[in-house]
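Notes follow the structure.
The values are calculated or read from the model by the stated rules, or taken from the named source; none is laboratory data. None of the values given here were measured: they were computed from a predicted structure. Here the Cβ positions follow ideal geometry from the backbone for every residue, glycine too, while neighbour counts run over all protein chains shown. Heads up: the accessible areas ignore ligands, DNA and RNA and are worked out on the full protein's heavy atoms, side chains in. Shrake-Rupley method; radii C 1.70, N 1.55, O 1.52, S 1.80 Å.
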Amino acid sequence: MTTTRMTDELSLEIRGAVALIRLTRPAKRNAINDALVLGLRDVFENLSPEVKAAVIEGEGEHFCAGLDLSELSERDAVGGMHHSRMWHKALDAVQFGPVPVVSALHGAVVGGGLELASATHIRVADESTFYALPEGSRGIFVGGGGSVRVPRLVGVARMTDMMLTGRVYNAQDGERAGFAQYLVPAGQALAKAMELAEKIAQNAPTTNFALTHVLPRIADQTADHGLMTEALMAAIAQSAPEAKERVKAFLEGRANKVRKD
Ligand code: 1HE
């Protein structure tokens, strides 16, 4: 286990083929200041090739309290747009970076923290997790991609309700609504996220690319264009030597069968 990079805002630890990125501002509930958002972008743009999957977690009692409100000072409209676009670039680097990303959630997953979690590919929440978009009550709007990504997880109606009324979803209701795909006992989100990331790291790279870069684009396309993109991706995946070897291994009885838990 090596911690390869550490700033005041985050750390990067390489555990085999998995990069563990930790938000390290627990005294500020991991509120995301400019240095942290730029740090996230930097980490995901510069992951070394041996890394095949990543996990994001937050140090302390909460995953992330969202935008660091102390930096929301005297920005004018143009400054605000550039700030939002900075978040978009950073969270695009998470979603469309080199590897699938699993977030390990606990405590507050609110505002920009929910926007960050929404940019990851799999969310694992423990029972202490709660989700909210307090931007509504602060008189502001989401700016880190939340209006695009959150409705894709839980629908426009839920996001509208959260922002208009300040509604908070607890861990159980949040999992049912679609914020998280896994719900685990308190304190176990990181272990489960690491377990999933280690499994993901063993997939064929083409499969991981198809799921992280191509599937979300297909979901945004018309059905006709989506089917065409699917056919192209399917042909590329099937023609890769690794796919041929994996299929051969199954046919020769050397690969796992699908089993229910
Ligand atoms: C912060 C922030 C923050 C905490 N910016 N400093 N997000 C919010 O509106 C959520 C605001 N935070 C909270 O509702 C609560 O802090 C929590 C539910 C997350 C945690 O509660 P708790 O009781 O554990 O901690 P605390 O005592 O409220 O906070 C500890 C310290 O962190 C305290 O500072 P201190 O100097 O008094 O110790 C808090 O002020 C500080 N802190 N959250 C700055 N967010 C790209 S656009 C995205 C737009 C948004 O994300 S808006 C939503 C912002």
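On the principal axes of its Cα set, how long, how wide and how thick is the stretch 1-57? Give whole Å, largest value first.
32, 20, 15
Do any trypsin sites (Lys or Arg not before Pro) in the stretch 5-109 lie in a DSSP loop with no more than 15 other beta carbon atoms within 10 Å, and if so, which?
Qualifying residues, ordered by number: 75.
Averaged per residue, what accessible surface does the stretch 1-152 expose to a 1.4 Å probe, in Å²?
41 Å²
Which residue, 30, 46, 170, has the most motion in a Gaussian network model of the chain that connects Cα atoms within less than 10 Å?
Result for the chain, Cα springs under 10 Å: 46 fluctuates most.
Too long at a 31 Å Cα-Cα cut-off: which of 52/244; 52/89; 28/199; 28/89; 89/244?
Result: 28/199; 89/244 exceed 31 Å.
Provide the FRET efficiency to the nearest 0.05 for the residue 89-residue 156 pair, computing r from the beta carbons and using R0 = 25 Å.
0.55
Please identify the GluC sites (Glu not before Pro) of the stretch 1-81 that satisfy two criteria: DSSP loop assignment and at most 13 other Cβ atoms within 10 Å. Which are they?
Listed in order of number, the matching sites are 50, 61, 74.
When the chain is treated as a GNM, springs tying every alpha-carbon pair under 10 Å, which of 95, 238, 172 comes out with the largest mean-square fluctuation?
Highest fluctuation of the listed residues: 238.
What is the extension gain from residue 164 to residue 234, computed as 0.36 nm multiplied by their sequence separation minus the C-alpha to C-alpha distance, in nm to one decimal?
Once the chain is fully extended between residue 164 and residue 234, it gains 21.0 nm.
Using the Cα centre of the chain as the reference point, and only Cβ charges (+1 on K/R, -1 on D/E), how large is the resulting charge dipole? Debye, rounded to the nearest 20.
Value, rounded to 20: 700 debye.
Report, to the nearest whole %, how much of the accessible area of the stretch 57-216 belongs to carbon and sulfur atoms, 1.4 Å probe, protein only.
56 percent
Full-extension gain between residue 248 and residue 140, please, as 0.36 nm times their residue separation minus the C-alpha to C-alpha distance.
33.4 nm
Can you tell me the 0 to 90 degree angle between the C-alpha axis of helix 223-239 and the longest principal axis of the chain, rounded to 10?
50 degrees
Compute the length gained on full extension between residue 225 and residue 259: take 0.36 nm times their separation in residues and subtract their Cα-Cα distance, giving the result in nm to one decimal.
8.9 nm
With n ≥ 4 as the cut-off for DSSP H runs, can you work out [θ] at 222 nm for the chain, using -39500 (n - 2.57) per run divided by the number of residues, rounded to the nearest 500?
Here the helix-only value at 222 nm equals -13500 deg cm²/dmol.
Compute the accessible area per residue over the stretch 197-247, keeping the other protein chains in place, probe 1.4 Å, unit Å².
Per residue, the stretch 197-247 has an accessible area of 68 Å².
Please say if the stretch 17-86 is rounded, prolate or oblate, where rounded means a/c under 1.5 for a ≥ b ≥ c the square roots of the C-alpha gyration tensor eigenvalues, and otherwise the choice is prolate for a/b larger than b/c and oblate otherwise?
Cα axes put the stretch 17-86 in the oblate bin.
Looking at the chain as a GNM with Cα springs under 10 Å, which of 32, 218, 200 has the largest mean-square fluctuation?
Largest GNM mean-square fluctuation: 218.
Rounding to the nearest 10 and keeping the result within 0 to 90°, find how far the Cα-based axis of helix 156-165 lies from the longest principal axis of the chain.
Once rounded, the angle reads 20 degrees.
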